[in-house]
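Some notes on the structure that comes next.
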Amino acid sequence: MSDVSGIVLAAGAGTRLGRPKAELVVAGERLVDRAVRVLRSAGCAEVVAVVRAGVEVDGATVVVNPDPDRGMGSSLRLGLASASGDRAVIVLVDTPGIGADEVRRVLDVSAPFVIARYGERRSHPVAIDRSHWADVAALADGDEGARPFMRAHPDLVTEVSCDGDPSDIDTPEDLAAWDDPAGVSP
């Protein structure tokens, strides 16, 4: 999959958690390193990690969001602008229950915009063909990344059923729930 760029959105402040999430360690691994590993394991030759200033990431092209308080939309725009593939697959740093199988499942679907579905819930990973990156970026605002694009173009969105756990780590209680290494999928 040399034409697929993996993008990790990891520049958030973690306001409800009380600290940024990229460098949190869950099951002995920093969340940002785990996300890069998942994308590489799924076959992404290029991985772009959009982070806050001062965060170093091995195995990825690091893009620093100079104003991460503008929200996930600003990180998504930076990630898409830095990616070189024909398609991008996007993951959030704070979803350790989403693994390489879910990324591969989304990438296996040939459609302009593919989103994972876990039961009744849509979540990441999301795959977007390059031909739509400019439109996605133009509509991304605040903490809404690709959702405005999906609302504007529901005919382009394909859902794929996935088995992982899309729960994100937003609070100290969420972090405690993932503290057990047996609870984290590969």
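Which net charge results for the neighbourhood of Val106, defined as the other residues with beta-carbon distances under 11 angstrom from its beta-carbon, given Lys and Arg at +1 and Asp and Glu at -1?
0
From the backbone phi of region 65-74, what are the Karplus-calculated ³J(HN,Hα) couplings (6.51 cos²θ - 1.76 cosθ + 1.60, θ = phi - 60°) in whole Hz, Gly and Pro given as x?
Ordered by residue, 3J(HN,Hα) equals 7, x, 9, x, 5, 6, x, 4, x, 5 Hz.
Can you check what the net charge comes to around Gly14, using other residues whose Cβ is under 13 Å from the Cβ of Gly14 (Lys, Arg +1; Asp, Glu -1)?
Numbers: positive: Arg16, Arg19, Lys21, Arg52; negative: Glu23, Asp69, Asp94, Asp143, Asp168, Asp170, Asp174.
In short, -3.
Could you work out how much longer the chain between Asp86 and Thr158 gets when fully extended? Use 0.36 nm per residue separation minus the Cα distance between them, nm to one decimal.
Numbers: separation 72, 0.36 × 72 = 25.92 nm, distance 1.77 nm.
Contour length minus Cα-Cα distance gives 24.2 nm.
Note the full-extension length gain between Ala177 and Arg19 as 0.36 nm times their separation in residues minus their Cα-Cα distance, in nm to one decimal.
My answer for the length gained is 55.2 nm.
Dividing the Cα radius of gyration by the Kirkwood radius, what Rg/Rh value follows for region 1-80?
0.96
For Cα pairs less than 8 Å apart in space and 6+ apart in sequence, what is the mean separation divided by the residue count of region 76-186, i.e. the relative contact order in percent?
34
Considering only the chain, what is the antiparallel percent among its DSSP beta bridges, to the nearest 5? Write down the numbers at each step before the final one.
Details: 13 of 34 bridges.
Counting only bridges with both partners in the chain, antiparallel ones make up about 40 percent.
Would you tell me the accessible area of Glu23, worked out with a 1.4 angstrom probe on the heavy atoms of the protein chains, in Å² to the nearest 10?
About 100 Å², ignoring ligands and nucleic acids.
Order Ser110, Ser74, Ser82, most accessible first, counting only protein heavy atoms with a 1.4 angstrom probe.
The residues order as Ser110, Ser82, Ser74, largest area first.
Report relative contact order for the chain in percent, whole number only (criteria: Cα-Cα under 8 Å, sequence separation at least 6).
Working: 414 pairs, mean separation 46.6, N = 186.
Once divided by the residue count of the chain, the mean separation gives 25 percent.
List every residue whose amide H lies under 5 Å from the amide H of Ile7, counting only residues 5 or more places away in sequence or on a different chain, with H placed 1.01 Å from N in the peptide plane.
Val48, Val89, Ile90, Val91
Could the peptides 162-170, 150-158 be put in order, highest first, of the mean number of other beta-carbon atoms found within 10 Å of their residues? Mind dumping the intermediate values first?
Working: 162-170: 18.9, 150-158: 13.4.
Peptide ranking by packing, descending: 162-170, 150-158.
The values are calculated or read from the model by the stated rules, or taken from the named source; none is laboratory data. Keep in mind that this is a model prediction, so the values were computed, not measured. Here the Cβ is made from the backbone with ideal geometry for all residues, glycine too, and neighbour counts use every protein chain on show. Just the protein is used for accessible areas: all its heavy atoms, side chains included, with ligands, DNA and RNA removed. Shrake-Rupley method; radii C 1.70, N 1.55, O 1.52, S 1.80 Å.
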